[in-house]
Amino acid sequence: MPLSINTQVNSNGVNNVATGNMTSDAAAAVATTFTLGFSPRVIRFINLTDRITDEWYSGMSSPGSIKTAAAGTQTLETTNGITVLGNTFTVPAGMLIASKVFVFVAYA
């Protein structure tokens with residue numbers, strides 16, 4: 001079966017990438033908004049402690065994400081996922097479990 005591979009290049013030659021990390025405390029979680037400086041096309045938000053990844057791709061509903069559990073099981077989040085608005089994204093309180101370490105990477 002032949003494969004079609006499409007390559008897309010940013011016309012101004014600049015790749016927008018943002019990374020970050022955070023550690024939640026033992027208090028009740030609240031939704032957290034991150035400002036990127038560009039409109040993302042892909043966001044990966046990873047709970048390092050429990051090995052859970054939430055991924056949002058341009059064109060998905062917002063809030064929304066594909067959640068991958070440590071065992072590899074994937075589910076589609078349609079109400080408790082990542083919300084993207086312009087150059088920001090918000091992670092809901094339900095994803096920010098207490099006393100965990102998180103990292104994210106966002107691409108334009």
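The values are calculated or read from the model by the stated rules, or taken from the named source; none is laboratory data. Just so it is clear, the structure is predicted and the values come from calculations on it, not from any experiment. Counting neighbours? That spans all protein chains shown, and the Cβs are built from the backbone with ideal geometry, glycine included.
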Exercise for review: Kindly check whether there is at least one residue in segment 18-28 that is modelled with pLDDT of 95 or more and of a type in the set (S, T, Y).
Suggested key: no
Exercise for review: Would you check if G64 is closer than 23 Å to N16 by Cα, modelled with pLDDT under 95 and among the small types (G, A, S)?
Suggested key: no
Point to revise | Residue among T79, T90 that is without any contact (Cβ under 8 Å) to a residue 24 or more places away in the chain and either among the β-branched types (V, I, T) or assigned to a strand (DSSP E or B) (or both) | key: T79
Exercise for review: Kindly provide the set of residues from segment 25-73 that are out of contact with any Asp or Glu (no Cβ under 7 Å at 6 or more places or on another chain), hydroxyl-bearing (S, T, Y) and assigned to a strand (DSSP E or B), ordered by number.
Suggested key: T32, T33, T35, T53, Y57, T68
Review point. Of all residues in segment 58-72, which are surrounded by 11 or more Cβ atoms within 10 Å (Cβ to Cβ) and more than 20 Å from R41 (Cα to Cα)?
Key: A69
Practice item. Considering only segment 73-87, state which residues are under 11 Å from I43 (Cα atoms) and surrounded by fewer than 20 Cβ atoms within 10 Å (Cβ to Cβ). Key: T83
Study note, to complete from the structure: Within segment 32-47, residues being closer than 18 Å to V103 by Cβ, among the hydrophobic types (A, V, I, L, M, F, W, C) and modelled with pLDDT under 95 number 2
